[in-house]
Every structure is written in C-alpha cells, then in structure tokens.
Amino acid sequence: DIAPWRRGAPALSAPVAMGPRRRRSLPPGSPLFLAAALALALPAARAAIFEEGSPCHELKGKGKKAMITGITGMLGSHIAEALVDRGYNVYGVVRARSNLRNIAGISSNITVVTAELTDPWRVLSLLREIKPDYVFHFAAQAINGKSFEEPAYTLDTNVMTTLNILEGARQLGLLHTRILVAGSSTVYGASTEQWNGPIPESAPLQPVSPYGVSKLATEALTLQYARTYNLQVVVGRFFIHLAPRGVESLALHDFARQIALIEHGLQEPVVRHGDLSTRRDITDIVDSAPVVACLAESAPSQTVVNIGSNISYTMQEVLEKAVAASSASSRIRLELEKSRLRAYDERVVMADISRLRQLTGWRPSPDLPHLAGLLLDYWRHEVAFRYDTGKGGGPLGRRATGEL
C-alpha cells in the first residue's frame, strides 16, 4: 500500500493553508512593476484540496533549495509560486533572452540565475553553486504541434537538457537531491485509441509525434540514471494543463488570443481553429501546482505518475466556453482552417489518476468557465500590452515600458 494514510481517512478536509509571500516594492512604471500589476489584476485562484492525512498538507520547504528550469513558462511560473508558498528558497533558471514578466509577481522572493541548459559545463557549475535539495525540470521545446516542423530541435533540446541535469547530479554525487522531470501524456500516443477508458501508467507507450518521442526518451533516461546511479527521481506525465501566461502556440490560448483581438477590433469576428472533435483531459495548473511540489517531496524514487484531472472536454466545448465569456460573443463565428489540422491527433486522451490520488490525496476541482475567463482576461491584457490599443491596457502598453 503506497498510501497507508488513506485507510479510514475522511473524504475531504479544508484546503492546505499557504503562507503569505514576502514582497518588496517595485519601481512604478518599470516592466516588472507593470507585469506584477497585470498578474494581480487577474481573479484570485482557489487553493488545492487534499484529503485529510495527505502528506501534501505539511509545508516542507523551510530551509530547502528548489531549482526550477523553465520558470518563466506557464507551468514553471505557477509551480514556482506554489514552492514559494511552501517555504522554499527558489532558484529560477532562465536564458539570457528570457522574458521575466511571468515571474514578476514573485521576483522579490526568488533568485534568478542565467544558464543555457544545452551547455553541460554550465549546468554542472550551476548545480555545484546551488546544491539544490530539489530540481524541477520543466525547460523544453514543449509545443507538440511544433515538433512535427522541428523534430531534430525538439529531440536535441529535450533529451540533452535532461541528460545534462542528470549527468551533472551524477558527477557531483547529489544522491539526496530529488529531481522531478516533466514527462507528458503524449508518450501514450496510439495507445489512447486502443485503451477503453482513462489511460493508466501501465499502458503501452506508443508516441505519435516527435515531441512524444522526445518525452519518452527523457523519461527512459531519467529512470536509467536512477537505477544505475541511485539518483532520486520522479517523472510526472502531464496531461493538458492550463492557466494564464501561456503562449499562442497552445490551441486553447490561441482561442483566447483571437477572441481578445476581436474585442479590441484587431481581427474580424472569426475564430479560426483546427479539429474541435478531439477530447482532452484538462487541468488547472493553479489547482495542481501544490500537487507537483508534493510529489517531488513524498513520492518514492522512480515513481512515474499521471498528472491530470480525470475530467475531459472536447475542444468544441472549451472554445464555446471562451466565446461565451466574451463581450463580443454574439458577433463571433467559428471557422475551420485546414492548416491547423495535425498530421496525427489522438481522438480521446484522459488520465487515470488513481496513482496520483494514492500518493497525494488530491481532489481536482476544475471549473472550465472560470478557467476560460482567466485565459481571456490574460489575453485581453496581453493584446493591450502588445498592440498599445488603449482599450483596457492602461500602463501596460508599449509606450509606458519602452517595449514592443
């Protein structure tokens, strides 16, 4: 029994308590100040809910150092916030040209370090300097559709950055550092067409995209280093996760971006899309971020676990929710654009999260209309920031920051 605390436990308890973040003043008018203002303007998120007795209730970060790669991304920035709330000293790894807007709200609570993760010597020196207790590896070429266009770049980036972290930990003897590597549901690929119901971790791994292949390779490499060199690793197979701060290369963010452009009069009232009949397991990152932190803390080494909600929606449903949240909903029509169709697209992808619930006691609490509204609000601000529309952008326009 990998979760003995579950025996006889009541169904639910109060949400895990999170302490207030320490904040310092940012200069008014600075890019970080304006980005932080944007973040604070968005509706507050709900706390994750864990069953009574869950190891996730305990805040284990005090005095511990957590290094996060990909911290400026949608996933990394939200998990960084969860780690700050759990008391960690967070070190965020960024590239020299990274946009720091997504971490502006926690800039006073973290240490930002610059590194190119494809450089093994830099990764080695980084691990030597920080000596992290935890590593959360999210940096990747993470756009599934883009991998068909750039398969070599996808494989090289995703495999080599993972190898450099694992090899650096091996060389330095970081046998007590726990490393959580972001895997992906795309490793299942064709198995999702053959599996009847939610797909478990035991299902055959049959990726159908270069991105899926890259994630299968990084997962296998991670487990090999654990078996051979006794590194402490956890692999989380992430299903679709959504929150503000994403990029338009993600279909659901692109829907919100197009709607925001329409509201600002920058696009005709047509939302162009690909196949809307596919069904996907969708999780709110803000809801799952504390769960990811808890997995790194408490899951046995070499655990491979699905991270999803076990609740799925068709892309049609998601797009309709986003349109319904728009002030221009009555004018918007939908249009299929064939260039958006993928060479191969799984019909239904839904996670079996039995193992995740055993390990963490997490109870997903999705709210798709709320999430669609959050994404649309984010893109309203983002469009105003990019295009200086004067329609709700306020000081976030390019004139105030000097950015284009």
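The values are calculated or read from the model by the stated rules, or taken from the named source; none is laboratory data. This is a predicted model, so every value here is computed, not measured. Heads up, the Cβs are rebuilt from the backbone with ideal geometry, glycines too, and the neighbour counts pull from every protein chain shown. The area values use the complete protein model at the heavy-atom level, side chains included, leaving out ligands, DNA and RNA. Shrake-Rupley method; radii C 1.70, N 1.55, O 1.52, S 1.80 Å.
Points to keep in mind about this one:
- Taken over the stretch 128-162, residues that are more than 10 Å from Leu117 (Cβ to Cβ) and assigned to a helix (DSSP H, G or I) amount to 17.
- In the stretch 328-342, the residues that are among the charged types (D, E, K, R), at pLDDT 90 or above, assigned to a loop (DSSP other than H, G, I, E, B) and open to solvent by 80 Å² or more (accessible area, probe 1.4 Å): Arg331
- Count - residues of the stretch 103-120 that are surrounded by fewer than 24 Cβ atoms within 10 Å (Cβ to Cβ) and assigned to a helix (DSSP H, G or I): 4
- Being closer than 20 Å to Met74 by Cα, of a type outside the set (Lys, Arg) and at pLDDT 95 or above is a description that does not apply to Val159.
- Candidates Pro290, Pro269 - the one that is open to solvent by 20 Å² or more (accessible area, probe 1.4 Å) and in contact (Cβ under 8 Å) with a residue 12 or more places away in the chain: Pro269
- Residue list for the stretch 69-81, restricted to those being of a type in the set (A, V, I, L, M) and buried (at least 24 other Cβ atoms within 10 Å of the Cβ): Ile71, Leu75, Ile79, Ala80
- Condition met for Arg97 (over 18 Å from the mean Cα position of the chain (by Cα), among the charged types (D, E, K, R), over 21 Å from Gln224 (Cβ atoms) and open to solvent by 30 Å² or more (accessible area, probe 1.4 Å)): yes
- Being open to solvent by less than 30 Å² (accessible area, probe 1.4 Å), out of contact with any strand residue (DSSP E or B) (no Cβ under 6 Å at 6 or more places or on another chain) and within 30 Å of Arg86 (Cα to Cα) holds for only one residue in Gly145, Gly168, and it is Gly168.
- Flag if Leu375 is under 24 Å from Asp281 (Cα atoms), at pLDDT 90 or above and assigned to a helix (DSSP H, G or I): yes
- Residue list for the stretch 238-271, filter: at pLDDT 90 or above and in a helix (DSSP H, G or I): His253, Asp254, Phe255, Ala256, Arg257, Gln258, Ile259, Ala260, Leu261, Ile262, Glu263
- Filter pass, Leu127 being open to solvent by less than 20 Å² (accessible area, probe 1.4 Å) and either under 27 Å from Asn89 (Cα atoms) or not β-branched (Val, Ile, Thr) (or both): yes
- Odd one out for Gly274, checked against (1) surrounded by fewer than 20 Cβ atoms within 10 Å (Cβ to Cβ); (2) at pLDDT 95 or above: (2)
- Residue among Ser365, Ser301 that is surrounded by fewer than 19 Cβ atoms within 10 Å (Cβ to Cβ), at pLDDT 95 or above and assigned to a loop (DSSP other than H, G, I, E, B): Ser301
- Test: residue in the stretch 267-287 that is within 23 Å of the chain's Cα centre (by Cα), within 12 Å of Cys56 (Cβ to Cβ) and polar (S, T, N, Q): no
- Which listed residue is under 30 Å from Thr177 (Cα atoms), part of a helix (DSSP H, G or I) and among the small types (Gly, Ala, Ser), from Ala296, Ala322: Ala296
- Just one of the listed residues (Ala169, Ala190) is at pLDDT 95 or above and more than 30 Å from Arg380 (Cβ to Cβ), and it is Ala169.
- Of the residues making up the stretch 213-237, those that are open to solvent by less than 10 Å² (accessible area, probe 1.4 Å), closer than 16 Å to Phe138 by Cα, in contact with a helix residue (DSSP H, G or I) (Cβ under 6 Å, 6 or more places away or on another chain) and not in a strand (DSSP E or B) are Ser214, Thr218.
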